[in-house]
1. Right, Ile55: assigned to a helix (DSSP H, G or I) and either surrounded by 14 or more Cβ atoms within 10 Å (Cβ to Cβ) or under 10 Å from the mean Cα position of the chain (by Cα) (or both) or not?
2. Going by what's in this entry, would Gly39 be described as part of a helix (DSSP H, G or I), out of contact with any His (no Cβ under 7 Å at 6 or more places or on another chain) and surrounded by 15 or more Cβ atoms within 10 Å (Cβ to Cβ)?
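The values are calculated or read from the model by the stated rules, or taken from the named source; none is laboratory data. Quick caveat: nothing in here was measured; it's all calculated off a predicted structure. Here the Cβ positions follow ideal geometry from the backbone for every residue, glycine too, while neighbour counts run over all protein chains shown. Heavy atoms of the whole protein, side chains included, go into the accessibility calculation; ligands, DNA and RNA do not. Shrake-Rupley method; radii C 1.70, N 1.55, O 1.52, S 1.80 Å.
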Amino acid sequence: MTDKERSDAGLTRFIIGGLIAGLLIGAVVGLLVPSIGVGFGLSIGMAVGIVVGVIAWYIRRPRT
């Protein structure tokens, strides 16, 4: 695998991890805060999870 392929595979791993964490945290926040609701909590959790995953990948990515 070249460095570019390895870097892209790492991005996918970080995004999937961020999505899973965002879904779990969003569901819990949606259950605990009735005014938000579970659906909106899941939506916000997924969006934040993707953003945090990309930022984490950018910090940890291999430098070429």
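1. Here the answer is yes, as Ile55 does meet what is asked.
2. no
This table checks each residue for (1) of a type outside the set (A, V, I, L, M); (2) open to solvent by less than 60 Å² (accessible area, probe 1.4 Å); (3) at pLDDT below 90.
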| position | (1), (2), (3) |
| --- | --- |
| Arg6 | yes, no, yes |
| Ala21 | no, yes, no |
| Gly30 | yes, yes, no |
| Thr64 | yes, no, yes |
